[in-house]
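Have a look at the structure below, then the notes.
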Amino acid sequence: MRAFYSPDQALHSPKQFMRFGELAAPTDVPARTGALLDALARMGITPETPPDHGRAPAGKVHPAHYMDFLESAFRRWQELPVHGPEVLPNTFPDLSAERVRPPCPTDHLIAQTGYYLGDLAVPLGEFTWISALRATHSATAAADAVAAGERAAYALCRPSGHHCRADRASGFCYMNNSAIAAERLRSRFGKVAVLDIDAHHGDGTQSIFYDRADVMTVSVHVDPDAYYPFFTGRVHERGRGEGEGFNLNLLLPPGSGDEAFLAAIRQGLDAVAGYGAEALVLALGYDTHVEDPLSLVRVTTEAFHEAGRAVASAGIPVVVVQEGGYQVSVIGDCLERFLQGLRSGM
């Protein structure tokens with residue numbers, strides 16, 4: 001199995017995020033990448049550095065005005081007469097429900113920060129842009145490997161991506177790696193599915209493909225009545241227009257364990273098979289794990305092995321894109337068990 005990762009992805013080092021009304025210590029720490037690289041090493045997998053694709057693959061998902069903001073915001077922030085250590089918003093507009101909004105109506109940095117950053121969990125630091133851009137390259141390279149004939153490839157993406165909409169960062173996510181991989185696969189496959197098994201609803205991915213019939217989106221996540229992102233991810237959200245019927249949300253009640261988690265994954269894979277997907281993007285997070293600091297469910301490490309076997313049983317090529325998971329002491333074991341299960345079933 002081929003894997004892709006750029007060391008630049010570890011440069012992003014956020015200093016804070018808002019939790020329960022306090023600026024808390026970050027959970028998306030650079031050490032996450034080390035734990036995942038160690039897991040790959042135990043499996044004899046040496047990740048390849050992806051080619052530098054520039055902004056082109058991300059540009060299939062994200063408009064130029066949004067990426068311009070991400071690329072320039074920290075430098076412009078330093079030019080303000082008074083500023084904090086990272087770019088964070090202090091105002092939010094009334095966000096449109098449209099998939100892609102027009103550019104921010106003003107070039108004022110404070111306004112743009114509120115327009116393009118959707119919450120207080122996406123601080124922009126000195127290296128956020130390069131890390132996010134290189135994560136898109138890892139996702140692109142893994143998708144290209146599968147398009148060229150690999151049965152499976154793994155993109156070790158950090159920062160994560162599935163909360164990022166076409167033109168709005170949120171929830172630790174700045175560009176949507178899973179959506180970029182799916183869009184890349186569409187150059188080779190007629191129908192592509194994204195199955196997201198991170199604990200949080202893949203709201204950004206849903207938004208990006210909500211009006212489309214050529215990419216099905218399925219998300220297994222904790223009930224948003226009790227969990228971030230709260231405002232999307234319910235069962236009645238089925239797609240719109242040409243995308244009607246091609247979005248599926250499968251909810252886990254708080255306190256759920258392995259049985260409910262795996263049953264939802266199998267239900268999602270059944271939907272993917274019924275759709276007729278020719279390739280799959282598996283958005284893989286470990287924040288369902290019982291030890292994760294953000295978890296409301298009680299999934300064990302061993303469940304990830306069974307999840308990998310279930311994904312393999314779909315019988316279609318798969319790009320595994322890394323999403324969340326913040327307990328550094330367990331995420332490497334979760335990845336190892338998932339990939340072992342995936343390998344054993346292919």
Only one of (1) buried (at least 19 other Cβ atoms within 10 Å of the Cβ); (2) touching a residue at least 40 places away in the same chain (Cβ under 8 Å); (3) of a type in the set (Phe, Trp, Tyr) does not apply to residue 246, and that is (2)
Residues that are farther than 21 Å from residue 119 by Cα and surrounded by fewer than 18 Cβ atoms within 10 Å (Cβ to Cβ), drawn from the range 202-236:
211, 213, 214, 235, 236
Output the residues belonging to the range 257-303 that are part of a helix (DSSP H, G or I), among the charged types (D, E, K, R) and over 17 Å from residue 318 (Cβ atoms).
258, 259, 302
Please enumerate the residues belonging to the range 204-233 that are in contact with a strand residue (DSSP E or B) (Cβ under 8 Å, 6 or more places away or on another chain) and of a type in the set (A, V, I, L, M, F, W, C).
208, 209, 215, 216, 218, 220, 222
Just to verify a result, which residue in the range 270-302, among those that are under 22 Å from residue 324 (Cα atoms), of a type in the set (D, E, K, R) and in contact (Cβ under 8 Å) with a residue 40 or more places away in the chain, is surrounded by the most Cβ atoms within 10 Å (Cβ to Cβ)?
287
Which residue pairs have Cβ atoms closer than 7 Å, lie 6 or more positions apart in sequence or on different chains, and pair a first residue in the range 43-63 that is under 20 Å from residue 33 (Cβ atoms) and touching a residue at least 40 places away in the same chain (Cβ under 8 Å) with a second residue that is crowded, with 16+ Cβ neighbours inside 10 Å and among the aromatic types (Phe, Trp, Tyr)?
47/4; 47/5; 48/4; 50/4
Can you name every residue in the range 234-256 that is assigned to a loop (DSSP other than H, G, I, E, B) and either within 10 Å of residue 209 (Cα to Cα) or touching a strand residue (DSSP E or B) at 6+ places or on another chain (Cβ under 7 Å) (or both)?
234, 235, 237, 238, 239, 240, 246, 254
Apart from one, (1) under 25 Å from residue 69 (Cα atoms); (2) over 11 Å from the mean Cα position of the chain (by Cα) all hold for residue 157; the odd one out is (2)
Is it the case that the range 187-197 has a residue that's at negative phi, part of a helix (DSSP H, G or I) and either surrounded by fewer than 24 Cβ atoms within 10 Å (Cβ to Cβ) or not hydrophobic (A, V, I, L, M, F, W, C) (or both)?
no
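Read the figures in this text as sums done on the coordinates, not as results from a lab. All of these numbers come straight from a predicted model, not from anything done at the bench. Every residue, glycine as well, gets a Cβ built from its backbone with ideal geometry; the counts of neighbours run over all protein chains shown.
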